[in-house]
Amino acid sequence: MTQEFTKELKPAYTVMTVMEEAARCLLCHDAPCSAACPAHTDPARFIRSVRFRNFKGAAETVRKNNALGAVCARVCPTERYCAEACSRCGIDKPIDISGIQRFVTDFEDKVGMKILEKGEDNGKKVAIIGSGPGGIQAAADLLKLGYAVDVYEKDELPGGLLRKAIPEYRLPNAVVASEIAKVQAIGANLILGCEVGKDITMDELKEKYDAVLVDVGIGEPQILDMFEGNEYAVPSVTFLKELSDKQGDVELPDNAVVIGGGDSAMDASASLKILGVQNVTNFTRKELVDFRASKEELEIARAMGVTIMDGYAPVAVDGKTVTFRHRKLNSEVKIEADLIVLAVGQGTKAGELGIDMVKNEVAADGCYLGDNVFAAGDLVKGDKTVVYAVKKGKEAAAAIDAYLGGK
Ligand SMILES: Cc1cc2nc3c(=O)[nH]c(=O)nc-3n(C[C@H](O)[C@H](O)[C@H](O)COP(=O)(O)OP(=O)(O)OC[C@H]3O[C@@H](n4cnc5c(N)ncnc54)[C@H](O)[C@@H]3O)c2cc1C
Ligand code: SF4
């Protein structure tokens, strides 16, 4: 195990520092931070509880609303949501809402709170395909409503991209496991190592369950045509999964090139640096101002010493030598690398389950797909972030409940 890789990079608040940060909150009426959370978390409410040292109350506010509260506290790009809306921006800087949320959910675990409760059994059962955040949130909500829930996951471990893609220095696997354990504790039945479409068919699930929720995500590795068959090239999600499985204990190159400008690219680049690779160069078609990766991820990669070449796209490859050309400038760069990580987007195999797809999203407008089938997570239109997956998991659970005659 490589310790730097598994150690959380961002320090946690102590009781004293969290009280200081909470004291900066203006306790706004009709708080804009709360209105800006896609998953309807209520920062104004839990920060007010923290101000009064009511950490238990704060933990209840977070957990009752969001089964992935500790995960979101670590990876949510808050600069696009609650922090952007925070009234304190107009004075100095936004409240560190996610940092306070992390303190609160860590507290919940430390004192062993059991907040989620299963509803009275209603005799109906739902199958969820995929154990990513959308699937886990939907499972929690359906269990609260009294449904029996089986979660089918093709991997041997649950958590989706949270576990296999987001590196441990940002999101420890133990945090993901603890969130899922809370949902298992109220009855979620995880069926691991079972791929729907191979080990069991969609038709069998539709027959056996009152409703089926498809949350298979868009995490399938993709590669650019010019790198097909190149022994030095690997898709970023494949590379990050290997790092996660082996806790960073992998064979390392001297020089690495990472292609792409999103979360995946930043995670692969920063991971390589943390593990000690000397030269890591990131090439991306987008210019820095249009970067898709979150501000925090970009900052981590830069702080680690990743060289970022923005505005460059690959135009040719010969073994380990890649040629990049700038999109606007008359500039070409040739670089040699022992490892070429391709973070150029991912795909989905949802179509193979008979789901009508348009590119990587379900064709349906919303989560209902016809018959007794629903969708959640990245497959549904909307942002491709954890908090949005949580939102869509909640919406799908509510739609299933309405379809099956609930409230
Ligand atoms: C490298 C990387 C970094 C990211 N960083 C961030 C970040 O910092 N912040 C953020 O908000 N978002 C981030 N994201 C995006 C975020 O991870 C996704 O938006 C989120 O995980 C999508 O959740 P989901 O519910 O759609 O399921 P996913 O997490 O995609 O999981 C789907 C699950 O379904 C399983 N599955 C697939 N097919 C089948 C089948 N046929 N049968 C059974 N199981 C199946 C898969 O094995 C997987 O476990 C990142 C993504 C990547 C790739
Ligand atoms: S908007 Fe900012 S200052 Fe106002 S309640 Fe929310 S966190 Fe506090």
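The numbered conditions (1) more than 30 Å from Lys206 (Cα to Cα); (2) open to solvent by less than 20 Å² (accessible area, probe 1.4 Å) are all true for Gly347 except (1).
Among the listed residues Lys286, Lys320, identify the single one that is in contact (Cβ under 8 Å) with a residue 12 or more places away in the chain, of a type in the set (D, E, K, R) and surrounded by 18 or more Cβ atoms within 10 Å (Cβ to Cβ). Even if it seems obvious, please write down each step before you answer.
Details: Lys286 fails: surrounded by 18 or more Cβ atoms within 10 Å (Cβ to Cβ).
Lys320 is the lone residue from the list that is in contact (Cβ under 8 Å) with a residue 12 or more places away in the chain, of a type in the set (D, E, K, R) and surrounded by 18 or more Cβ atoms within 10 Å (Cβ to Cβ).
Screening the range 143-159 for residues that are crowded, with 23+ Cβ neighbours inside 10 Å and assigned to a strand (DSSP E or B) and picking the one that is farthest from ligand 1 (Cβ to nearest atom) gives Val149.
Only one of the numbered conditions (1) among the charged types (D, E, K, R); (2) open to solvent by less than 30 Å² (accessible area, probe 1.4 Å); (3) away from ligand 1 (no atom under 16 Å from the Cβ) is violated by Glu332, and that is (2).
Let's see how each residue does on (1) outside the structural domain of Gly382 (by TED's automatic domain parsing); (2) more than 9 Å from ligand 1 (Cβ to nearest atom); (3) more than 22 Å from Asn372 (Cα to Cα):
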{"residue": "Glu179", "(1), (2), (3)": "no, yes, yes"}
{"residue": "Gly197", "(1), (2), (3)": "no, no, no"}
{"residue": "Thr201", "(1), (2), (3)": "no, yes, no"}
{"residue": "Glu204", "(1), (2), (3)": "no, yes, no"}
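Selection within the range 108-138: residues that are in a strand (DSSP E or B) and among the aliphatic types (A, V, I, L, M). The member of this set that is farthest from Lys349 (Cα to Cα) is Val126.
Can you tell which of Gly345, Gly305 is closer than 23 Å to Glu195 by Cβ and part of a loop (DSSP other than H, G, I, E, B)? Before you say what the answer is, go through the steps one by one.
On the way: Gly305 fails: closer than 23 Å to Glu195 by Cβ.
Of Gly345, Gly305, the one residue that is closer than 23 Å to Glu195 by Cβ and part of a loop (DSSP other than H, G, I, E, B) is Gly345.
Scanning the range 61-95 for residues that are in a loop (DSSP other than H, G, I, E, B) and either within 16 Å of ligand 1 (Cβ to nearest atom) or of a type in the set (Gly, Ala, Ser) (or both) yields Asn66, Ala67, Leu68, Cys76, Pro77, Tyr81.
Any idea which of Ala23, Ala35, Ala39 is open to solvent by less than 20 Å² (accessible area, probe 1.4 Å), small (Gly, Ala, Ser) and modelled with pLDDT of 95 or more? Show your work before the answer.
On the way: Ala23 fails: open to solvent by less than 20 Å² (accessible area, probe 1.4 Å); Ala35 fails: open to solvent by less than 20 Å² (accessible area, probe 1.4 Å).
One residue alone meets the criteria, Ala39.
What number goes with the only condition from (1) at pLDDT 95 or above; (2) within 23 Å of the chain's Cα centre (by Cα); (3) surrounded by fewer than 15 Cβ atoms within 10 Å (Cβ to Cβ) that Gln3 does not pass? Answer for Gln3: the failing condition is (1).
Which residues, taken from the range 1-38, are of a type in the set (Asp, Glu) and part of a loop (DSSP other than H, G, I, E, B)? Explain how you work it out, then say what you get.
Of the range 1-38, the ones of a type in the set (Asp, Glu) are 4, 8, 20-21, 30.
Matches in the range 1-38: Glu8, Asp30.
Looking at Gly354, Gly366 in this structure, which one is at pLDDT below 95, closer than 21 Å to Gly132 by Cα and surrounded by fewer than 17 Cβ atoms within 10 Å (Cβ to Cβ)? Don't jump to the end; show me each part of the working.
Numbers: Gly354 fails: at pLDDT below 95.
Just one listed residue meets the conditions, Gly366.
Candidates Ala140, Ala85, Ala73: the one that is over 25 Å from Ala165 (Cα atoms), of a type in the set (Gly, Ala, Ser) and either under 23 Å from the mean Cα position of the chain (by Cα) or crowded, with 24+ Cβ neighbours inside 10 Å (or both) is Ala85.
Results for (1) within 16 Å of ligand 2 (Cβ to nearest atom); (2) of a type in the set (Val, Ile, Thr); (3) assigned by TED's automatic domain parsing to the domain that holds Lys144, shown as yes or no for each residue.
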residue: Lys56; (1), (2), (3): no, no, no
residue: Thr61; (1), (2), (3): yes, yes, no
residue: Ala70; (1), (2), (3): no, no, no
residue: Tyr81; (1), (2), (3): yes, no, no
residue: Glu84; (1), (2), (3): yes, no, no
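Candidates Leu171, Leu162, Leu213: the one that is more than 16 Å from ligand 2 (Cβ to nearest atom), assigned to a helix (DSSP H, G or I) and open to solvent by less than 30 Å² (accessible area, probe 1.4 Å) is Leu162.
Residue-by-condition table, conditions (1) more than 26 Å from Gln247 (Cα to Cα); (2) within 16 Å of ligand 1 (Cβ to nearest atom); (3) free of Cβ contacts under 8 Å to residues at least 24 places away in the same chain:
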{"residue": "Gly99", "(1), (2), (3)": "no, yes, no"}
{"residue": "Asp109", "(1), (2), (3)": "no, no, no"}
{"residue": "Glu120", "(1), (2), (3)": "yes, no, no"}
{"residue": "Asn173", "(1), (2), (3)": "no, yes, no"}
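Could you check Gly99 against (1) touching a helix residue (DSSP H, G or I) at 6+ places or on another chain (Cβ under 8 Å); (2) within 30 Å of Cys28 (Cβ to Cβ); (3) assigned to a loop (DSSP other than H, G, I, E, B) and say which number it fails? So the condition that Gly99 fails would be (3). A single member of Asp210, Asp225, Asp254 is among the charged types (D, E, K, R), without any contact (Cβ under 8 Å) to a residue 12 or more places away in the chain and more than 14 Å from ligand 1 (Cβ to nearest atom), and it is Asp225.
The values are calculated or read from the model by the stated rules, or taken from the named source; none is laboratory data. Please read these numbers as outputs of a predicted model, since none were measured by experiment. For neighbour counting, all protein chains shown are included, and Cβ atoms are generated from backbone atoms with ideal geometry for every residue, glycine included. We work out accessible area using only protein heavy atoms, side chains counted, and drop any ligands, DNA or RNA first. Shrake-Rupley method; radii C 1.70, N 1.55, O 1.52, S 1.80 Å.
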